[in-house]
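Asker: First the structure, then my questions, so here it is.
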Amino acid sequence: MHAGQAITSIIYALAQISGGLLLHPYQTMQSLVRDKVFVWMTLLPSLILALITIGWRFLLVPVVQMFFTCSTSSFSCEWLPFLSNWITFFCLYWQVLLLYLLIRFDRIYG
């Protein structure tokens, strides 16, 4: 197997597991804990939240503030806090769910 194929295979596996953790967290966590190879992906929501927060603070907010005057009441500036709070809530809720499932399945398969 070439290095390019190995990298593509790893990216594909990580994308499949990420999608599984988002769409079917119960089944995916059960298989992750049973196999113990990708258990570190339990922290995926925290990683996503960190990356979004960094991008939010250093990219999105400055760009919006540069193109829009946020001192006046405009829709573009009002939706930023709502969207930020929603994403934070979703990632934290998802993280708590995955940690609960990790503990639950670790007791069964551990």
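Asker: Taking the stretch 11-64, which residues are surrounded by fewer than 12 Cβ atoms within 10 Å (Cβ to Cβ) and not in a helix (DSSP H, G or I)?
Answerer: Lys36, Val37
Asker: Residue by residue through the stretch 33-51, note down the ones that are free of Cβ contacts under 8 Å to residues at least 60 places away in the same chain and either over 17 Å from Trp94 (Cβ atoms) or among the aliphatic types (A, V, I, L, M) (or both). Before the answer, list the steps.
Answerer: The first filter runs over the stretch 33-51 and keeps only residues free of Cβ contacts under 8 Å to residues at least 60 places away in the same chain, leaving 35-38, 40-41, 43-51.
If the condition is that a residue be free of Cβ contacts under 8 Å to residues at least 60 places away in the same chain and either over 17 Å from Trp94 (Cβ atoms) or among the aliphatic types (A, V, I, L, M) (or both), then Asp35, Lys36, Val37, Met41, Leu43, Leu44, Leu47, Ile48, Leu49, Ala50, Leu51 are the ones that fit.
Asker: Which of the following residues is under 25 Å from Ala15 (Cα atoms), over 13 Å from the mean Cα position of the chain (by Cα) and modelled with pLDDT of 90 or more: Leu99, Leu59, Leu83, Leu47?
Answerer: Working: Leu59 fails: modelled with pLDDT of 90 or more; Leu83 fails: modelled with pLDDT of 90 or more; Leu47 fails: over 13 Å from the mean Cα position of the chain (by Cα).
Checking each option against the conditions leaves just Leu99.
The values are calculated or read from the model by the stated rules, or taken from the named source; none is laboratory data. Just so it is clear, the structure is predicted and the values come from calculations on it, not from any experiment. For neighbour counting, all protein chains shown are included, and Cβ atoms are generated from backbone atoms with ideal geometry for every residue, glycine included.
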